[in-house]
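Notes follow the structure.
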Amino acid sequence: MGGKGIMTKAVFVTGAGRGIGASIARRFAAEGWFVGITDVDTANLAKMAGEIGANRVFSAVLDVTDYAAYERVMTDFIAAAGRLDVLVNNAGIAKFGPFTGNSPALHAKIVDVNINGVVNGIHAALPYLKQTPSAHIVSLCSASATYGTPGLAVYSATKFAVRALTEALSQEFEALGIKVSDVLPGFVSTNMVETQGAAAEQAVAKMGGIEHTPDEIAGLVWKAANGDRRHWPGNAQVRWGLRLGGLFPGLMRRMMAPMKGMH
């Protein structure tokens, strides 16, 4: 860990043990930032900490749904980093398949991690972000936040919530000097997508295949953290989806029709 006197810029990334979160941590570290990484995956978290280097990283096991734990970890991070410039709400979970194929308990967990985890992070980080000029909150959203996605119904709903939260807080926090934005990728080549079997393969195929690498999304998060826009679409399809979803909901419904046949 670094010392309390470190005044290089600092970022705090949730779900940073692997996938998109790990790529985000690497990108900020490569730019010379002090990086806070958290995850529930202790083994991969330790690997990431070793990769970045002891004097440039703070790492801690964190379940983002536990607010008391989040506060403690954030306090420890500030003691190590001395400041917080960017909070990246990356931790999230998904389950591919029809709504009826998943239990209420699983759906509750998806909601808890994907929505409450983001809200908890913002609450825990806000006192420190307010102390930092040009502070920023970046949340990982999804192309599925442009229109409800069959086969990912509850996940899609949580990402709509993240998008709405971005819209609201970007206005509320303007007076605090804190920018709020989100990143909306399509399917990314990560463990979340690649290990869920036939349902995931079917969904990805029907929606045009894998569209991004984790490094590409990390680059988009870097741009968002240093930019002024609220929403950062992963590609042109998502960009048009944001526009069309509000103007022509019937058209978006027809575009999503191929997903209805998922089993």
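The values are calculated or read from the model by the stated rules, or taken from the named source; none is laboratory data. Because the structure is predicted, anything quoted here is derived from the model rather than measured. We place every Cβ from the backbone using ideal geometry, glycine too, and count neighbours over all the protein chains shown.
Summed over segment 53-106, residues that are hydrophobic (A, V, I, L, M, F, W, C), touching a residue at least 40 places away in the same chain (Cβ under 8 Å) and within 28 Å of Ser144 (Cα to Cα) total 10.
Only a single criterion out of (1) touching a residue at least 12 places away in the same chain (Cβ under 8 Å); (2) farther than 26 Å from Ala224 by Cα is not satisfied by Gly50, namely (1).
Tell me which residues, restricted to segment 148-170, are aliphatic (A, V, I, L, M) and part of a loop (DSSP other than H, G, I, E, B).
Start the filter on segment 148-170 by keeping residues that are aliphatic (A, V, I, L, M), which leaves 152-154, 157, 161-162, 164-165, 168-169.
Listed by number, the list holds a single entry, Leu152.
Considering the conditions (1) surrounded by fewer than 23 Cβ atoms within 10 Å (Cβ to Cβ); (2) under 25 Å from Gln131 (Cβ atoms); (3) touching a Ser or Thr at 6+ places or on another chain (Cβ under 8 Å), Ala46 is excluded by exactly one of them, (2). In segment 100-115, the residue that is modelled with the highest pLDDT out of those that are polar (S, T, N, Q) and in a helix (DSSP H, G or I) is Asn114.
The condition of being buried (at least 19 other Cβ atoms within 10 Å of the Cβ), modelled with pLDDT under 95 and more than 23 Å from Val35 (Cα to Cα) holds for only one of Gly186, Gly246, that being Gly186.
Within segment 160-178, the presence of at least one residue that is more than 19 Å from Lys95 (Cβ to Cβ), touching a Leu at 6+ places or on another chain (Cβ under 7 Å) and modelled with pLDDT of 95 or more is confirmed.
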